[in-house]
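Here's the structure we're looking at; comments come further down.
Nothing in this text is a laboratory measurement; each read-out follows from the coordinates by a stated rule. Worth saying up front: this structure is predicted, and the values here are computed from it rather than measured. Because the Cβ atoms are built from the backbone with ideal geometry, glycine has one as well, and the counts that use them run over all protein chains shown.
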Amino acid sequence: MFLGSGVQVAKIVIGDKNEFKVEGYLGNGEKSSIKEGQEARIKIRVDGDVKILKGEVEYINKGLRIDETTRTGYYLVEVGRIREGNKYLKSGQICEINVIVGKRRVMEFLLDKLGL
């Protein structure tokens, strides 16, 4: 899913047990590669620095939602169990979510990009 600059794709909310969660939007074509329980990394800005916190995908909405403005489909995703979340996160803060879908060695990645 490709979005223009400045489009909100994730925000921080307070969950049921007074713990922070991150709500994000997953593109229609990306749902098959993301599963509940996968590791996620949350990137936020704190006092001019970038902090990366680790969490876990806890929920993926089953039904496709449609953004009425852009007419694009997306799935709502929640990331929880965020380590050090209470230290850095604030409700309503905007962040970026990266979900770890697999691991490869750097050489494998580069060879794949070069088509070798």
task: Would you work out the charge dipole size for the stretch 10-114 about its Cα centre, treating the Cβ of every Lys and Arg as +1 and the Cβ of every Asp and Glu as -1, and quote it to the nearest 20 debye?
output: 220 debye
message: Between 80, 24, 37, where does the largest GNM mean-square fluctuation fall for the chain, given springs only between Cα atoms within less than 10 Å?
response: 37
- request: Please report 74, 88, 59 as a ranked list, fewest other C-beta atoms within 10 angstrom at the top and most at the bottom.
  value: 59, 88, 74
message: Can you return the aspartates and glutamates within cross-link range of residue 51? Criterion is Cα-Cα under 17 Å, with same-chain partners fewer than 8 residues away left out.
response: 39, 84, 96
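Could you list 78, 19, 58, 108 in order of exposure, starting from the residue whose Cβ has the fewest other Cβ atoms within 10 Å?
By the 10 Å Cβ count, ascending, the order reads 108, 19, 58, 78.
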field: Two-decimal log10 I(q)/I(0) for the chain, as the Debye equation yields it once each C-alpha is a single scatterer, q = 0.19, 0.20, 0.21 Å⁻¹
entry: -1.07, -1.14, -1.20
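Could you tell me which of the pairs 43/90; 54/90; 62/87; 54/113; 54/87; 35/62 are separated by over 23 angstrom between their Cα atoms in the structure shown?
Check vs 23 Å cut-off fails for 62/87; 54/113.
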